[in-house]
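Worksheet for the structure shown next.
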There are 2 protein chains.
Amino acid sequence: MLAFVNAPTIGRVSTETTRAQTPTPGEAPTPDQAADASEAGPKRRQARGERRIAQLLEAAGHVFAESGYSATTTNAIAARAGVSPGSLYQYFPNKDAIAAALAESYADSLDELLTPFAVVDPTAVTLEQALGASLPPIVDFHRAHPACLALFIGGNAPGHIMDLQQPLMARTHARIAALLTLYAPQLPSERLQLGASVTLAAYKGVLPLLVESPEELVPELTEQLKDLLVGYLDRLLANGD
Amino acid sequence: MLAFVNAPTIGRVSTETTRAQTPTPGEAPTPDQAADASEAGPKRRQARGERRIAQLLEAAGHVFAESGYSATTTNAIAARAGVSPGSLYQYFPNKDAIAAALAESYADSLDELLTPFAVVDPTAVTLEQALGASLPPIVDFHRAHPACLALFIGGNAPGHIMDLQQPLMARTHARIAALLTLYAPQLPSERLQLGASVTLAAYKGVLPLLVESPEELVPELTEQLKDLLVGYLDRLLANGD
DNA sequence: GGAGATTACGAGTGATTGCTCGCATTCGTC
DNA sequence: GACGAATGCGAGCAATCACTCGTAATCTCC
């Protein structure tokens, strides 16, 4: 389940943040690898391999969500996926790459869920209506993929992992800013950027509540999240005359 | 600087979450320690020791804020404080205890900053005025102690560390709920609890923005945070008739 | 059904790190 | 100035964990 299987950018990930496992660095590297897999090596892969990648990413999502990034071991991910550690490292060069693949998958999904913000007609739909329609699927996504929140939204993992959230956040920020532009074209851009940042931050703050709440509270809480954002944005647009 | 020095509950911290470092567990423990330091062992301590504790906690705050909990090594804390690892372990039984001491210190400070919420006169001061007066010192505190946010508010460290934030969060939630009760006594308690949770979550969400922003943006952002909370609470109180 | 590539395994390796231990130094007190 | 207690040191231990490697099973394609 869940279309993780689209084989993200695996293979050219951080080759220097990892622990240097080279005991004798004085030895010159054999120069045949430069022409071998220099740039365009999409890697032959069987259907079984694709399935394994999906299994591994799903398992990683669960373990990361339960334990956070640094506390999860690659062996735990492999065990949860029902494979050996060696097999895991056939598909991912290191632990970071697993998180990176997850991040890319999540970013793609969320980007799709945020597209409605770009095509709203402000003369036909109020801001409240737009949010009321768009928020529930986003909430559902986060409840289905808690690792997204735990790792890439507000989580504090080691530096290079945090970098992965930046593109997603930048895109989300842009979506919000675009939405604000639609509803308040006269707002000075500086204020609009600030408003988008605050809106995004508030949204990120309430998400954990929504993800950890029992199922039956979700509609009510989603409504409250909408109220929070609309309440703020109303004030922002009113003060910006 | 910074009055950390009030010697928190060090010495009776988690004695089981640590790695079992006893090679031969068959050996029976000498029974004289049960009567020795069973419950009330406040530990004789010189002024020098208090100073070291303060140094260590301050250093820990910096390192934790920079690297997060699990990425910081106890040796790094000791080095930053200018002491040897052995000295660190004279004052703290383990890494967790350092974080716990920090958490207690932060919780005390924040609790004090939140007391204004308990003594507001709703007939003389509007909700907006109350927040406008109380938020800036809280923001200043978090900017002065970034580790508080990184470790205990929204951070995802290994489990037992997350437990430390719960008392602080519970107290903050109670303060907000009390404030809401003052301004909307007719609101059903269920809705009031929910509103307090959402308010707290939104506040937690915007804090990182405030801590990481350059100095000159802080007043403006604090104003936006106030708008966010007031905008939501206005709606909450209006819908609750 | 055979050749070559891909997949799978899992015990092992080396680096990291929380923490200890024996011993030296300084402090408080008489 | 002398005694015990508190403080201070830092090399090193033991456990953990990301990652490797030799080898064997399985797939693809002829």
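I need a count of the residues in the stretch A:64-83 that are open to solvent by less than 60 Å² (accessible area, probe 1.4 Å) and among the polar types (S, T, N, Q).
Looking only at that region, the number is 4.
Applying the selection to the stretch B:42-58, what residues are surrounded by fewer than 21 Cβ atoms within 10 Å (Cβ to Cβ) and more than 9 Å from DNA strand D (Cβ to nearest atom)?
B:PRO42, B:ALA54, B:GLU58, listed by residue number.
Within 16 Å of DNA strand C (Cβ to nearest atom) and buried (at least 21 other Cβ atoms within 10 Å of the Cβ) - does that describe any residue in the stretch A:124-147?
Taking the stretch A:124-147 and keeping what is within 16 Å of DNA strand C (Cβ to nearest atom), we get none.
Checked the stretch A:124-147: no residue is within 16 Å of DNA strand C (Cβ to nearest atom) and buried (at least 21 other Cβ atoms within 10 Å of the Cβ).
I'm told A:ASN156 meets every condition in (1) open to solvent by less than 30 Å² (accessible area, probe 1.4 Å); (2) not in a helix (DSSP H, G or I) except one. Can you identify the failing condition by its number?
(1)
Identify, from the list B:GLU212, B:GLU190, the residue that is within 19 Å of the chain's Cα centre (by Cα) and either modelled with pLDDT under 95 or more than 9 Å from chain A (Cβ to nearest Cβ) (or both).
So the residue among B:GLU212, B:GLU190 that is within 19 Å of the chain's Cα centre (by Cα) and either modelled with pLDDT under 95 or more than 9 Å from chain A (Cβ to nearest Cβ) (or both) is B:GLU212.
If the requirement is being open to solvent by less than 10 Å² (accessible area, probe 1.4 Å) and more than 9 Å from chain A (Cβ to nearest Cβ), which of these qualifies: B:ALA238, B:ALA184?
On inspection, the qualifying residue turns out to be B:ALA184.
List every residue pair whose Cβ atoms sit under 6 Å apart, with the two residues 6 or more apart in sequence or on different chains, where the first one lies in the stretch B:160-173 and is open to solvent by 60 Å² or more (accessible area, probe 1.4 Å) and the second, anywhere, is outside any helix (DSSP H, G or I).
B:HIS160/B:THR17
For the condition at pLDDT 95 or above and away from DNA strand C (no atom under 13 Å from the Cβ), what is the one hit in A:ALA81, A:ALA60, A:ALA54, A:ALA118?
On the way: A:ALA81 fails: away from DNA strand C (no atom under 13 Å from the Cβ); A:ALA54 fails: away from DNA strand C (no atom under 13 Å from the Cβ); A:ALA118 fails: at pLDDT 95 or above.
Exactly one of A:ALA81, A:ALA60, A:ALA54, A:ALA118 is at pLDDT 95 or above and away from DNA strand C (no atom under 13 Å from the Cβ), namely A:ALA60.
Does at least one position in the stretch B:197-206 carry a residue that is of a type in the set (Lys, Arg) and either within 20 Å of B:THR115 (Cα to Cα) or more than 10 Å from every other protein chain (Cβ to nearest Cβ) (or both)?
Yes.
I need the full set of residues from the stretch B:141-153 which are facing chain A (nearest Cβ under 10 Å) and part of a helix (DSSP H, G or I), in order please.
Scanning the stretch B:141-153 gives B:LEU149, B:ALA150, B:LEU151.
Between B:VAL230, B:VAL218, which is surrounded by fewer than 23 Cβ atoms within 10 Å (Cβ to Cβ) and more than 9 Å from every other protein chain (Cβ to nearest Cβ)? Break it down into steps so the answer makes sense when it comes.
Numbers: B:VAL230 fails: more than 9 Å from every other protein chain (Cβ to nearest Cβ).
Being surrounded by fewer than 23 Cβ atoms within 10 Å (Cβ to Cβ) and more than 9 Å from every other protein chain (Cβ to nearest Cβ) holds for just one of B:VAL230, B:VAL218, which is B:VAL218.
So is A:HIS173 at pLDDT 95 or above, touching a helix residue (DSSP H, G or I) at 6+ places or on another chain (Cβ under 9 Å) and more than 8 Å from chain B (Cβ to nearest Cβ) or not?
yes
The values are calculated or read from the model by the stated rules, or taken from the named source; none is laboratory data. Because the structure is a prediction, the values reported are computed rather than measured. Cβ coordinates were reconstructed from backbone atoms using ideal geometry, including for glycine residues, and neighbour counts include every protein chain displayed. All accessible areas refer to the heavy atoms of the entire protein, side chains included, with ligands and DNA or RNA removed. Shrake-Rupley method; radii C 1.70, N 1.55, O 1.52, S 1.80 Å.
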